[in-house]
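Single-structure report; data block below.
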Amino acid sequence: MTGAETVSPDGLNVHVAHRRNPYAYLLTDDELDALLLELGLKRAAAIWRNHTAGERAPRGAYPRPMMGFVLMDATAGPWIPNDSAVLGVVVIGDRGHEYLPNAAAKAGCHRRLGRNNGEAVHVDPHRLGSGSFRYGHSAEVRGQIVGASSQSPDQDLHEAGQLAADFVAALGERHLAWEHRRGPEDWLSPDNAPAPEYRAMIDWYSGRPS
């Protein structure tokens, strides 16, 4: 695990860490942490603004100046278990880490069920099972799943959706810049070679048509 941390202009601690980096062709580990930290600072600003806005907060005042976010790896196949498919976490505030189990449960159930965990909580408890979290929504933006926790369910959903959207947009911008630097190549790799997974899919074949 690697990570990075800073303090937001409003005084909220922001800590990020990643477990997987499926975008190594695009970002080093340090650069991935830097991106998560940049996006974490945006969420910290929003959390503080909505926590202190009182009745002026568009989704109601946030009850706590802290949150925990869990991002799943959008490139991970469905055969990979949830505990190995976590891309990283974003922690806002002094006690934001206390909400990571809640966020993880939302994100993990979303990935397993293929839909917002908040729906299953209300209509499909038979699909949750012992130890599942009873509350809250998760968000998915173009395949990127994020669980968030600490505020009300709808506020958690909004913040998770914003982080997912920002992450997808940032990767898209960096990918486009990478394509322009590299030119017309076939593979998303430094040496323009396929991943071992794709080689393994055909390594049984050794002949050629007669």
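Since every read-out is calculated from the coordinates, none of them should be taken as a lab result. Remember, it's a predicted structure, so these values are computed and weren't measured experimentally. We place every Cβ from the backbone using ideal geometry, glycine too, and count neighbours over all the protein chains shown.
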By the scheme Lys and Arg +1, Asp and Glu -1, what is the net charge of all other residues having a beta-carbon under 11 Å from that of R174? -2
Please give the Cα centre distance for region 141-181 versus region 41-100, rounded to the nearest Å. 11
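With Cβ to Cβ distances under 13 Å as the rule, what net charge do the other residues near P194 carry (K, R +1; D, E -1)?
Working: positive: R199; negative: E185, D186, D191, E197, D203.
Once all neighbours under 13 Å are counted, the net charge is -4.
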Top positive-direction residue, dipole computed over the chain with Cβ charges, set A45, L100, P196: L100
Of H110, P78, Q144, farthest towards positive along the dipole that unit charges on Lys, Arg, Asp, Glu beta carbons give the chain: H110
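Below 8 Å, C-alpha to C-alpha, sequence gap of six or more: please give me the relative contact order for region 60-113 in percent.
Values: 59 pairs, mean separation 23.7, N = 54.
Normalised by residue count, the contact order of region 60-113 is 44 percent.
For the chain, calculate the relative contact order in percent as a whole number, restricting contacts to Cα pairs under 8 Å that are 6 or more residues apart.
Working: 349 pairs, mean separation 38.0, N = 210.
Computed over the chain, the figure is 18 percent.
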Percent relative contact order of region 132-210, based on C-alpha pairs within less than 8 angstrom and at least six residues apart? 19
Length released on extending from A169 to A34, taking residue separation times 0.36 nm less the Cα-Cα span: 47.1 nm
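From the helices alone, meaning DSSP H stretches of at least four residues, give me the mean residue ellipticity at 222 nm for the chain, per-run term -39500 (n - 2.57), in deg cm²/dmol to the nearest 500. Walk me through the intermediate numbers first.
Numbers: 5 runs with 82 residues, N = 210.
About -13000 deg cm²/dmol.
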Which label marks the calculated value of Rg and Dmax of the Cα atoms in Å, given the options (1) 17.5, 57; (2) 19.2, 76; (3) 18.7, 64? (2)
Please state the charge dipole magnitude for the chain, taken about the Cα centre, from unit charges on C-beta atoms (+1 on K and R, -1 on D and E), reported in debye and rounded to the nearest 20. 540
Per-residue counts of other Cβ atoms within 10 Å, averaged by peptide: what ranking do you get for 187-196, 78-87, 115-124, highest first? 115-124, 78-87, 187-196
